[in-house]
Each structure stands twice: as C-alpha cells, then as structure tokens.
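Asker: The structure under discussion is supplied below as structure tokens; questions concerning it will follow.
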Amino acid sequence: REGEGSAGASPSQWQGVLKFKGEASELKCTLKTDRVTFKTALGALSVGKEYLMSLSADEAQLLGGSTLKGELQEKNLTVLWSLGERQIAAADIEGYLRTAPLPPVSVDVTKDGDLVPPISTASITLNDGSVIAGQLKATELRLNAAGLGEVNLKLEQIYSVEAAGGKLNILLQDGNMLTGELLGDYPIALLEGVLTLRGDSGLQSIALTP
C-alpha cells in the first residue's frame, strides 16, 4: 500500500536493495514481509526476514551460511521505500540483497529454548546446488554397506561423504572406504530452523567439522 510508513526516511535507513528482472536500476528499500517460506528439496523452511541475506524466486541465502535452491512460496513481498510501503510481485523480482549491517549472532542466541551456535558442524550439498549449513542432530549415520550389510558409523569416525554413480561413498578416518545406501532420516538444525535429509536422495556430499 503506497503512502504508508516513513516516506521521509534517509537512504542510510534502508536495509537492502531490490532488483527487478530486465532492469538495470535498483530500489533502495527495507523488506517489510516478516517471514517467507522457501520450499526446498528437504522440505519447506519458514525464515524470518532478519535471517535473509538475499532472496529471489528460486534461491535464498541465509545468515547462518546456507544457500537454499527451490521455490519462494510467497507471491508478493512488501517493501518500504521513500514513497511508503509497496507490494511487489515475487515473479518480477530478480533479487533482494541485504546491505545493512548483520544482526549480532553469538552463542547467547537461543531459539525455542535451545542454544543456537553460530558455527555449523556440517555442510550438506545437494544435487540442485543447495548448501545446508547446520548441525546434524544424529550422532551416527546408518549405512547399508556393500558386502557388510547395515552398519552404524559415528560422525567422528567419518572423514568424508560423497555420492557418485547412484551410490554413497563414505571414507573413514582410518582409511577404509564404504559404499552403499544411506538409511534413515537426519534432521539438520540450521540457525534459521530445521530441515530433514531423508536417506541419500538428492545428496551430493556431506562435509563434517569436528
């Protein structure tokens, strides 16, 4: 709705810039839509605007370090600019980029009563280009390994996880390589919420940080 908000705000008060498809100019503005829902290969994630680094119809970059590929569920976004609030069709947006200083994030930040550390311990890359930065809530990966059957691998035993040729290759810290199929569901706690990896469908790799 045009004409509402602080029409006399100075440029330094704008938190980001908006680019429109096919246009070279940028609109200095502040995103007013409080939350957006982004549908990913691992499910939908509802994200508060304070956690958005950049946003387009098919990609979201988050404060916690994740890059999500998928589909923005909102058809319109509300922004505040020098002439007030305005609803913009998401289909017309090339992207919104946050330019304001980042909000403070520390080990003192809590979410739903749980401590939320700013540093992720797992980076999960998907075939669609998504990179999920967070913490695996599980302490083990369950693998149906060729020649061995079902085995449980503690995260600290794992050096790398990579998918190739329809199989998952897990290199252990002791040098052994296991090939097979990842079993089970694995919730990933992001700074912004929780997504769940279900088996190894769509998985490209998992990098673990001690």
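Asker: What relative contact order, as a whole-number percentage, does the chain give when Cα pairs under 8 Å and 6 or more residues apart are counted?
Answerer: About 19 percent, as a whole number.
Asker: Which net charge results for the neighbourhood of ASP34, defined as the other residues with beta-carbon distances under 10 angstrom from its beta-carbon, given Lys and Arg at +1 and Asp and Glu at -1?
Answerer: The answer is +2.
Asker: Another question about this same structure. How much FRET efficiency would the formula 1/(1 + (r/R0)^6) give for ASN169 and THR99, where r is the Cβ-Cβ distance and R0 is 30 Å, rounded to 0.05?
Answerer: It comes out at approximately 0.15.
Asker: Looking at CYS29, LEU55, MET177, which one has the Cα that reaches farthest to the positive end of the dipole of the chain (charges on Cβ: Lys, Arg +1; Asp, Glu -1)?
Answerer: Looking along the dipole axis, the top candidate is CYS29.
Asker: What dipole magnitude, in Debye to the nearest 20, does the chain give about its Cα centre under +1 on Lys/Arg Cβ and -1 on Asp/Glu Cβ?
Answerer: Dipole size: approximately 260 debye.
Asker: Could you work out the relative contact order of the range 63-107, using alpha carbon pairs under 8 angstrom and six or more residues apart, expressed as a whole percent?
Answerer: Relative contact order for the range 63-107 comes out at 24 percent.
Asker: Place a point 7 Å from the Cα of TYR159 along the Cα-to-Cβ direction; which residues of the range 172-210 have their backbone N under 11 Å from it?
Answerer: From the range 172-210, the list is 172-178.
Asker: Under the definition of Cα pairs under 8 Å and six or more residues apart, what whole-number percent is the relative contact order of the range 159-210? Kindly include the intermediate steps, with their values, before the conclusion.
Answerer: Numbers: 74 pairs, mean separation 17.9, N = 52.
In percent, rounded to a whole number, it is 34.
Asker: Would you mind checking the pairs LYS39/LYS167; LYS32/LYS75; LYS21/LYS75; LYS39/LYS75; LYS32/LYS69; LYS69/LYS137 and listing those with alpha carbons more than 18 angstrom apart?
Answerer: In this structure, LYS39/LYS167; LYS32/LYS69; LYS69/LYS137 lie more than 18 Å apart at Cα.
Read-outs throughout are calculated quantities, based only on the coordinates presented, and are distinct from any laboratory measurement. Model, not experiment: these values are computed from the prediction. Cβ sites come from the backbone with ideal geometry, for glycine too, and all protein chains shown count toward neighbours.
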